[in-house]
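Q: Okay, here's the structure, questions in a sec.
The values are calculated or read from the model by the stated rules, or taken from the named source; none is laboratory data. Computed from a predicted structure; not experimentally measured. Note that we place each Cβ from the backbone using ideal geometry, even for glycine, and neighbour counts take in every protein chain shown.
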Amino acid sequence: MSESLLFLAHTEDDGTLSKATLEALGAAVAFRDATGAAMAVGLIGGEVAGAAAAIGGCGATRVLAVAGPPFAAARYATDAASAEALARASGATLVFVPGTSRWSRVVAGVAHRLGGRADTQVTSLAAEGGAVTVTRWYYRQRMEAALTRTERPWVIAIDPGAAPAWSGVAGAPAVDMVAVALPPGGVRTEVAGFRAPASDQQTIRPDAALLFVAGAGWTKKQADGKTHLTEAESIIRGFLDRSQASLGGSKSLVDQSGEGQAVLHFMTHLNQVGQTGSTPRHPKGLATCCHGEEPHVVGWRFISERRAVNLDPNCGWARGKADVVYVADAFEVMRKVNEML
């Protein structure tokens with residue numbers, strides 16, 4: 001089957017393209033090169049000239065864009081209408097998008113409007129024997145499946161971290177602006193602004209080189225028979241500030257907040273790794289006071305180097321799950337690490 005490709009991307013607040021977008025573009029370009037299909041690029045944002053120039057060397061046959069103040073912020077009505085317009089203007093049979101939260105909200109609706117299908121959390125693309133195949137994980141990365149579809153257009157959201165980011169020369173491509181007719185009353189959401197924690201309060205850093213995971217042991221009684229929550233918070237906070245690591249939490253730790261137990265105040269369910277939590281892709285990971293075994297390890301599947309600090313050398317996490325285990329008290333180890341930093 002002859003395919004035509006469209007890569008869709010939205011710009012960030014400053015008009016640039018995110019790392020997740022460049023990773024998805026890298027996967028799309030690799031697929032284009034392997035199949036020889038023509039690929040167009042579609043951009044959405046308040047201002048797209050800078051983004052178009054940044055990826056001008058990706059070899060796109062056309063660069064289409066929807067631009068203007070109404071399309072700068074994430075909003076279902078404008079994002080879905082823009083993506084639909086760009087897909088129709090390109091005539092693409094395969095539409096690739098980065099698996100960002102902004103795109104994940106609209107891909108199903110866009111595919112429905114186009115009369116096609118959509119798949120999310122895709123980790124690889126291939127074309128064998130004339131059939132396009134994608135792979136993705138199910139059940140929190142415990143099962144991998146290979147999927148193929150005959151319906152077109154097929155909208156495919158590529159998971160962040162699943163492919164190397166595209167890096168090529170800039171250019172000055174001609175940009176074809178596509179008009180989007182928003183129906184009267186079709187835009188009912190007004191974006192008033194953004195509220196975000198201060199940088200020194202942010203604990204989730206997707207691009208950090210290290211993921212630091214805290215387990216429930218930080219909140220338990222220590223060798224003196226007492227809990228040391230205030231000190232635990234100080235140690236962990238100090239390490240995060242000095243190392244700029246991202247913070248993860250085991251399920252047993254984040255669940256304590258709903259059980260009326262003492263908790264680390266900066267730890268929420270958004271920090272949860274494994275089981276029903278996230279599956280991060282940091283280069284390195286350090287687990288402390290964790291007894292996770294398989295559910296926890298699933299959350300670490302794509303981390304290349306995994307280390308742990310645990311007093312119990314026989315716990316399931318230590319036996320065969322981590323690359324290096326330090327059999328020691330996490331309080332003492334991390335205090336010393338903070339001193340060294």
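Q: Go through (1) under 21 Å from the mean Cα position of the chain (by Cα); (2) under 19 Å from ILE44 (Cα atoms); (3) not assigned by TED's automatic domain parsing to the domain that holds ALA80 one by one and return the number of the condition PRO183 breaks.
A: Going through (1) under 21 Å from the mean Cα position of the chain (by Cα); (2) under 19 Å from ILE44 (Cα atoms); (3) not assigned by TED's automatic domain parsing to the domain that holds ALA80 one by one, PRO183 breaks only (1).
Q: Checking SER234 against (1) hydroxyl-bearing (Ser, Thr, Tyr); (2) in a loop (DSSP other than H, G, I, E, B); (3) closer than 30 Å to PRO283 by Cβ, which test does it fail?
A: (2)
Q: Filter the stretch 123-141 down to residues that are touching an Asp or Glu at 6+ places or on another chain (Cβ under 9 Å) and not β-branched (Val, Ile, Thr) and give me whichever is nearest to VAL95 (Cα to Cα).
A: This residue is ALA127.
Q: Same structure again: Of all residues in the stretch 205-219, count the ones that are touching a residue at least 60 places away in the same chain (Cβ under 8 Å) and assigned to a loop (DSSP other than H, G, I, E, B).
A: Residues flagged as touching a residue at least 60 places away in the same chain (Cβ under 8 Å) and assigned to a loop (DSSP other than H, G, I, E, B) within the stretch 205-219 amount to 5.
Q: Specify which of the listed residues (VAL254, VAL213) is farther than 23 Å from MET340 by Cα, surrounded by 14 or more Cβ atoms within 10 Å (Cβ to Cβ), touching a helix residue (DSSP H, G or I) at 6+ places or on another chain (Cβ under 9 Å) and of a type in the set (Val, Ile, Thr).
A: Exactly one of VAL254, VAL213 is farther than 23 Å from MET340 by Cα, surrounded by 14 or more Cβ atoms within 10 Å (Cβ to Cβ), touching a helix residue (DSSP H, G or I) at 6+ places or on another chain (Cβ under 9 Å) and of a type in the set (Val, Ile, Thr), namely VAL254.
Q: Take ARG335 and decide whether it is under 16 Å from PHE212 (Cα atoms) and modelled with pLDDT of 90 or more.
A: So ARG335 fits the description; yes.
Q: Of all residues in the stretch 45-60, which are assigned to a helix (DSSP H, G or I) and within 19 Å of VAL95 (Cα to Cα)?
A: Within the stretch 45-60, ALA51, ALA52 meet the criteria.
Q: Filtering the stretch 186-211 down to residues that are farther than 27 Å from TYR76 by Cβ and among the small types (Gly, Ala, Ser), which residue is nearest to the chain's Cα centre (by Cα)?
A: My answer is ALA208.
Q: Would you confirm, using the coordinates I've provided, whether GLY109 is farther than 20 Å from LEU25 by Cβ and modelled with pLDDT of 95 or more?
A: yes
Q: Considering only the stretch 180-203, state which residues are at pLDDT 85 or above, exposed (fewer than 10 other Cβ atoms within 10 Å of the Cβ) and of a type in the set (A, V, I, L, M, F, W, C).
A: ALA181, ALA192
Q: Let me ask something additional. For the stretch 294-320: of the residues being within 20 Å of GLU144 (Cα to Cα) and charged (D, E, K, R), which is modelled with the lowest pLDDT?
A: Filtering the stretch 294-320 for residues that are within 20 Å of GLU144 (Cα to Cα) and charged (D, E, K, R), the one modelled with the lowest pLDDT comes out as GLU294.
Q: Farther than 16 Å from GLY171 by Cα, crowded, with 19+ Cβ neighbours inside 10 Å and either of a type in the set (A, V, I, L, M, F, W, C) or touching a Phe, Trp or Tyr at 6+ places or on another chain (Cβ under 6 Å) (or both): is that true of ALA27 in this structure?
A: yes
Q: I'd like to check something: does the stretch 249-256 contain any residue that is farther than 18 Å from GLY285 by Cα, acidic (Asp, Glu) and in contact (Cβ under 8 Å) with a residue 40 or more places away in the chain?
A: There is no residue in the stretch 249-256 that is farther than 18 Å from GLY285 by Cα, acidic (Asp, Glu) and in contact (Cβ under 8 Å) with a residue 40 or more places away in the chain.
Q: Does ALA40 satisfy the criteria of being assigned to a strand (DSSP E or B) and surrounded by fewer than 24 Cβ atoms within 10 Å (Cβ to Cβ)?
A: For ALA40, the condition - assigned to a strand (DSSP E or B) and surrounded by fewer than 24 Cβ atoms within 10 Å (Cβ to Cβ) - is met.
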